[in-house]
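Participant: I'd like to ask you about the structure that follows.
The values are calculated or read from the model by the stated rules, or taken from the named source; none is laboratory data. Here the structure is a predicted model, which is why all the values come from computation and not from measurement. When we count neighbours, we look across all protein chains shown, and the Cβ atoms used for this are built from the backbone with ideal geometry, even at glycine. Surface accessibility is based on the protein's heavy atoms, side chains included, excluding ligands, DNA and RNA. Shrake-Rupley method; radii C 1.70, N 1.55, O 1.52, S 1.80 Å.
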Amino acid sequence: MAESRKDHSRRVHAHVVVVPYPSQGHINPLLQFAKHLAFRGVKATLATTRYTVPSISTPYVGVEPISDGFDDSGFAQAGSEDVYLSSFKANGSRTLSEIIRKFKSSGFPVDCVVYDSFLPWALDVAREHGIYGASFFTNSAAVSAVFSMLHDGKLSLPLKLDESPLQLPGLPPLYSYDLPSFLKAPGSYPAYLAMKLSQFSNLEDADWVFGNTFEALEGKVAGTVSEQWPAKLIGPMVPSAYLDERMEEDKGYGASLWKPLGEKCMKWLESKARHSVAYVSFGSMVSLSAEQMEEVAWGLKGSEMNFIWVVRGTELGKLPSHFVESTREKGVVVTWCNQLDILGHGAVGCFVTHCGWNSTLEGLSLGVPMVGVPKWADQLTDAKFIEGVWRVGVRAKEDHKGIVTRDELISCLKQVMGDGDAAAEMRANVAKWKALAREAMSQGGSSDRAIAHFVHHLISNKKQQLNTNTNTNAIQWSGYMGMRVPPIN
Ligand code: UDP
């Protein structure tokens, strides 16, 4: 039955353009956020770099290309962080602006740009068009807090900690090895350090600040820095099938920069006993030294446990010769997989992770205890929380050369996957966090309310605009197709 004019006028919806930094660990949470907006009746469009557009496939969110100036192969084409980031700023600002103009003239004006906090220039673009801008932080609240204090001059670089820990309000004592690597070696990646600090350069002008974390997990940390970092906690941004189960068919992020070899893993997992497999992944960016690769390889073999190890194509050459053949009975090496499918399988009993923030949230949300092998950036701080605060895993110790040895890995695997009290405690703790993550995202939960509040504001604002300008084309958007849109309260 055709909708009456009256029905149409009631269905006024806002339009949000979401702009991620174009790496896997940033596209995933921002795209997931876009899905949440679509689920609540907002028209959501992901504006991502041309090179990454083909890797996105989700029915509920529109996709528009912007340019980072390296349309053929993205970052790899740029050669350096400096060149990439300044080219992205120049070309990204221009092409994002073009998209906003295009939507305006086609009757779907954009109301808000939700941009990755790594891209503060997107707020300037939103302002030029007179629309809202919201910054989305993809790191933990703890890590965001440390960088906000640094930006505000409450910390200065390089940090010299020696034996004594850093004591910051709301945070546990942080030793040198717990702190983001950029703070101890500011010269190691100056462009990335500058980018981390630039997150706060115009933050006071943003209309909203979002953090991919949740009240029960990090509310206390976020609360103590709320003046510098006034974030609404809206996470964990993990597909709905693993949490609130409200979005039908939402089992994956809908973005994959590499081809997942899922079938091979899933078939193999079917033949394995409950909690008998260690899933090992260092995420999308970490590149291990040849020596570290070798130690992980022989550690996995020496543990005599079942394992799935993700070794990206560019890293395969570092595997010891004959490793794959000699572990065929016990293990599978894949170049990429759907991590959530693996972590969600009952045969997996441990996640050996580099402690990227998405992986950390996924381990918590899917209830898998972890062995942390952090290498740089925020991973070191995430590992501290995994082991020392949430107590859902252990952190492997590095030797004097910065290597996690095979013996150390074996010992960690035994602690986490063994029959002892420590393993039982970690399993119980991670089950508790899994339940709390689900609660946060479920209807009426803390993150659900924060997202609903944002949507409510956008839609009320849109209605006001339409009331004052009756000539505006009414926005018609079917929302999350086939889904029940919950009432906004
Ligand atoms: N991931 C995946 N398949 C893999 C390895 C990783 O889908 O084989 C996903 C993982 O689920 C996570 C993201 O890639 O969402 C990595 O993000 P994270 O923040 O953990 O680490 P980064 O890659 O940014 O270092």
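Participant: Looking at G107, G133, G153, which is the one that is touching a Lys or Arg at 6+ places or on another chain (Cβ under 7 Å) and either under 26 Å from G223 (Cα atoms) or not polar (S, T, N, Q) (or both)?
Facilitator: Of the residues listed, the single one that is touching a Lys or Arg at 6+ places or on another chain (Cβ under 7 Å) and either under 26 Å from G223 (Cα atoms) or not polar (S, T, N, Q) (or both) is G133.
Participant: I've got another one for you. Which of the residues that make up segment 248-284 are in contact with a helix residue (DSSP H, G or I) (Cβ under 9 Å, 6 or more places away or on another chain), assigned to a helix (DSSP H, G or I) and modelled with pLDDT under 95?
Facilitator: Across segment 248-284, the qualifying residues are G262, C265, M266.
For every residue, the table says whether it meets (1) farther than 30 Å from A222 by Cα; (2) in contact (Cβ under 8 Å) with a residue 24 or more places away in the chain; (3) of a type in the set (A, V, I, L, M).
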{"position": "P65", "(1), (2), (3)": "yes, yes, no"}
{"position": "G79", "(1), (2), (3)": "yes, no, no"}
{"position": "L85", "(1), (2), (3)": "no, yes, yes"}
{"position": "L119", "(1), (2), (3)": "no, yes, yes"}
{"position": "H129", "(1), (2), (3)": "yes, yes, no"}
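Participant: Could you look through segment 429-470, keep only residues that are at pLDDT 95 or above and of a type in the set (S, T, N, Q), and pick out the one that is farthest from V394 (Cα to Cα)?
Facilitator: Selected residue: Q443.
Participant: Okay, next question. Take the residues in segment 319-333 that are surrounded by fewer than 19 Cβ atoms within 10 Å (Cβ to Cβ) and touching a strand residue (DSSP E or B) at 6+ places or on another chain (Cβ under 6 Å), then tell me which one is nearest to K272 (Cα to Cα).
Facilitator: Going through the qualifying residues, I end up with K330.
Participant: Sticking with this structure for a sec: With the requirement that a residue be more than 9 Å from the ligand (Cβ to nearest atom), under 16 Å from the mean Cα position of the chain (by Cα) and under 22 Å from E291 (Cα atoms), what does segment 351-373 give you?
Facilitator: Result: no residue meets the conditions.
Participant: Is there a residue being at negative phi, out of contact with any Phe, Trp or Tyr (no Cβ under 8 Å at 6 or more places or on another chain), exposed (fewer than 15 other Cβ atoms within 10 Å of the Cβ) and among the polar types (S, T, N, Q) anywhere in segment 183-192?
Facilitator: Checking segment 183-192: not a single residue is at negative phi, out of contact with any Phe, Trp or Tyr (no Cβ under 8 Å at 6 or more places or on another chain), exposed (fewer than 15 other Cβ atoms within 10 Å of the Cβ) and among the polar types (S, T, N, Q).
Participant: Test of understanding: among E245, E227, which residue is open to solvent by 70 Å² or more (accessible area, probe 1.4 Å), part of a loop (DSSP other than H, G, I, E, B), acidic (D, E) and farther than 28 Å from G349 by Cα?
Facilitator: None of the others qualify; the one that does is E227.
Participant: Can you tell me which condition K220 does not meet? The list is (1) closer than 30 Å to H15 by Cα; (2) in contact (Cβ under 8 Å) with a residue 12 or more places away in the chain; (3) charged (D, E, K, R), and all the others hold.
Facilitator: The failed condition is (1).
Participant: Suppose the filter is buried (at least 16 other Cβ atoms within 10 Å of the Cβ), in a loop (DSSP other than H, G, I, E, B) and touching a residue at least 12 places away in the same chain (Cβ under 8 Å); does M293 pass it?
Facilitator: no
Participant: With the requirement that a residue be assigned to a helix (DSSP H, G or I) and polar (S, T, N, Q), what does segment 148-161 give you?
Facilitator: Once the filter is applied, which keeps residues that are assigned to a helix (DSSP H, G or I) and polar (S, T, N, Q), segment 148-161 yields only S148.
Participant: May I pose another question? Take the residues of segment 253-288 that are near the ligand (Cβ under 8 Å from one of its atoms), of a type outside the set (G, A, S) and in contact with a His (Cβ under 6 Å, 6 or more places away or on another chain): which is farthest from T48 (Cα to Cα)?
Facilitator: Applying the filter and picking the extreme gives F282.
Participant: Another question, if that's okay. Any chance you could count how many residues in segment 33-68 are open to solvent by less than 40 Å² (accessible area, probe 1.4 Å) and out of contact with any Asp or Glu (no Cβ under 6 Å at 6 or more places or on another chain)?
Facilitator: 25
Participant: Could you list, in sequence order, the residues of segment 304-318 that are farther than 16 Å from K272 by Cα, more than 16 Å from the ligand (Cβ to nearest atom) and not basic (K, R)?
Facilitator: G317
Participant: As an exercise: evaluate D116 against (1) away from the ligand (no atom under 16 Å from the Cβ); (2) in contact with a helix residue (DSSP H, G or I) (Cβ under 8 Å, 6 or more places away or on another chain) and give the number of the one condition it does not meet.
Facilitator: D116 satisfies all of (1) away from the ligand (no atom under 16 Å from the Cβ); (2) in contact with a helix residue (DSSP H, G or I) (Cβ under 8 Å, 6 or more places away or on another chain) except (1).
Participant: So K102 fits all but one of (1) open to solvent by 70 Å² or more (accessible area, probe 1.4 Å); (2) under 21 Å from the mean Cα position of the chain (by Cα); what number is the exception?
Facilitator: That leaves (2) as the condition not met.
Participant: Cβ-Cβ distance below 6 Å, separation of 6 or more or different chains: which pairs start in segment 332-352 with a residue that is more than 12 Å from N306 (Cβ to Cβ) and end on one that is open to solvent by 30 Å² or more (accessible area, probe 1.4 Å) and within 13 Å of the ligand (Cβ to nearest atom)?
Facilitator: Hits for this filter: V334/L261; T335/G313; W336/W258; W336/P260; C337/P260; C337/L261; N338/P260.
Participant: Can you find even one residue in segment 195-216 that is assigned to a strand (DSSP E or B) and touching a Cys at 6+ places or on another chain (Cβ under 9 Å)?
Facilitator: The answer is yes; a qualifying residue exists.
Participant: Which of (1) closer than 28 Å to S144 by Cβ; (2) touching a strand residue (DSSP E or B) at 6+ places or on another chain (Cβ under 6 Å); (3) surrounded by fewer than 20 Cβ atoms within 10 Å (Cβ to Cβ) is the odd one out, the single condition K272 does not satisfy?
Facilitator: Going through (1) closer than 28 Å to S144 by Cβ; (2) touching a strand residue (DSSP E or B) at 6+ places or on another chain (Cβ under 6 Å); (3) surrounded by fewer than 20 Cβ atoms within 10 Å (Cβ to Cβ) one by one, K272 breaks only (1).
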